[in-house]
Amino acid sequence: MPELPEVEGVVRQIRPVSIGKKIEAVTVSDIIRLSKANGKEAIIKRMEADRFVDSLTGAQIVRVERRSKYIYFTLRKDHEFLLVNHLGMSGAWFYVDQLQSIPEDKFRRHVHVILTLSDGNLLAFSDIRRFGEMRVLQEEAEFPPLLLMAPEPFEPGAREHFLAIAESAKYQNKAIKELIMDGQIISGCGNIYATEALFKTKIHPKRAARRISRRRKVELFESIVAILLESIEAGGSTISDYRNINGESGSMQDRFGMYGKKQCMVCGTMTKTLKIGGRASVYCPTCQK
DNA sequence: AAATCAGTCCGGTGGC
DNA sequence: TGCCACCGGACTGAT
């Protein structure tokens, strides 16, 4: 499941191989075309497949940036516009000379959008579960939820943004895990890193926001930032489907203290799992209070 | 009015 | 072995 560190890794790799190049051709898979023909919003959102292809074909890639878990491709034809991509659960980009070069069959089988670049190579978007998203936007404001995202966690102000919301009236009774996984409160932190940060700071995932002192909230926020940075350094976490653009896995999963564990790495207690905000939340009943 | 809930995009996986 | 319920980021629309 790609969260901020995985998306950051992908963006850092896509940048040097794509900036300044032109998108010579765009291919959308028959499966996506069929889904869209049946009225589904599969991967390509709010746009016909043909119009999506037309929009991107001939554009030059000007910038590639990460915002929260989204990838923003700034493209230029006669004017600049955006291709905004979310990897969803299983989205992955591969930079290859041909599709056959994508290392694993399970990714090769689910390639849905192919950008042929002016260097002759391909940027191929594979998405096993099709929870990924592609949107062509003239400007960010065309998709309003993008404007509501919390500041980047490494930006000054992100911590104050988190504290202000976490201490506002309507969130007082909410479980802390729901808050830190909410992209409008903290950007880029999903289930994995939320689980790890709560474990590291010994906070029970269901603890109400108002039952956590400011000092511990600050500690939690700083822990999230540190874990996100550590994961970027480790090349992200590969649980099952995350790969970088060369098909390589990350190694952050080897450093997990809690996510996916049956037993606490610190005290040996059997871990417990709760459903919080609809998501499975694993924690240690001894260490986390 | 606001908060909550189900629905949407799916294939892989685990349990029986 | 084969089937089927369940899972999940994040938005959207309904209640």
(message) Please count how many residues of the stretch A:234-289 are aliphatic (A, V, I, L, M) and open to solvent by less than 20 Å² (accessible area, probe 1.4 Å).
(response) 5
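Yes or no, residue by residue, for (1) assigned by TED's automatic domain parsing to the domain that holds A:D50; (2) part of a strand (DSSP E or B):
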residue: A:V136; (1), (2): yes, yes
residue: A:A141; (1), (2): yes, no
residue: A:L163; (1), (2): no, no
residue: A:K170; (1), (2): no, no
residue: A:E178; (1), (2): no, no
residue: A:G183; (1), (2): no, no
residue: A:Y193; (1), (2): no, no
(request) Just name the residue that is farthest from DNA strand B (Cβ to nearest atom) out of those in the stretch A:129-149 that are open to solvent by less than 20 Å² (accessible area, probe 1.4 Å) and under 12 Å from A:Y70 (Cα atoms). (result) A:L146
(message) Quick check on A:V64: is it in contact (Cβ under 8 Å) with a residue 12 or more places away in the chain, within 16 Å of DNA strand B (Cβ to nearest atom), over 14 Å from A:I114 (Cα atoms) and crowded, with 16+ Cβ neighbours inside 10 Å?
(response) no
(request) May I ask you to verify whether A:K202 is more than 24 Å from A:P2 (Cα to Cα) and more than 15 Å from the chain's Cα centre (by Cα)? (result) yes
(request) Report, by residue number, each residue of the stretch A:21-44 that is within 11 Å of DNA strand B (Cβ to nearest atom) and crowded, with 16+ Cβ neighbours inside 10 Å. (result) A:S29, A:I32, A:R33, A:S35, A:K36, A:A42, A:I43, A:I44
(request) Evaluate the following for A:S18: is it under 20 Å from A:N121 (Cα atoms), open to solvent by less than 40 Å² (accessible area, probe 1.4 Å), modelled with pLDDT of 95 or more and in contact with a His (Cβ under 8 Å, 6 or more places away or on another chain)? (result) no
(message) If A:G190 meets every condition in (1) in contact (Cβ under 8 Å) with a residue 40 or more places away in the chain; (2) over 22 Å from A:G88 (Cα atoms) apart from one, which number is that one?
(response) (2)
(message) If a residue must be part of a helix (DSSP H, G or I) and hydrophobic (A, V, I, L, M, F, W, C), how many such residues does the stretch A:196-215 contain?
(response) 4
(message) Can you tell me how many residues within the stretch A:102-123 are under 15 Å from A:I44 (Cβ atoms) and open to solvent by less than 10 Å² (accessible area, probe 1.4 Å)?
(response) 3
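The values are calculated or read from the model by the stated rules, or taken from the named source; none is laboratory data. Predicted model, so just to flag it, every value in this text is computed and none were measured. With ideal geometry, Cβ positions are generated from the backbone for all residues, glycine too; neighbour counts draw on all protein chains shown. These area figures cover heavy atoms from the full protein model, side chains too; ligands, DNA and RNA do not enter into them. Shrake-Rupley method; radii C 1.70, N 1.55, O 1.52, S 1.80 Å.
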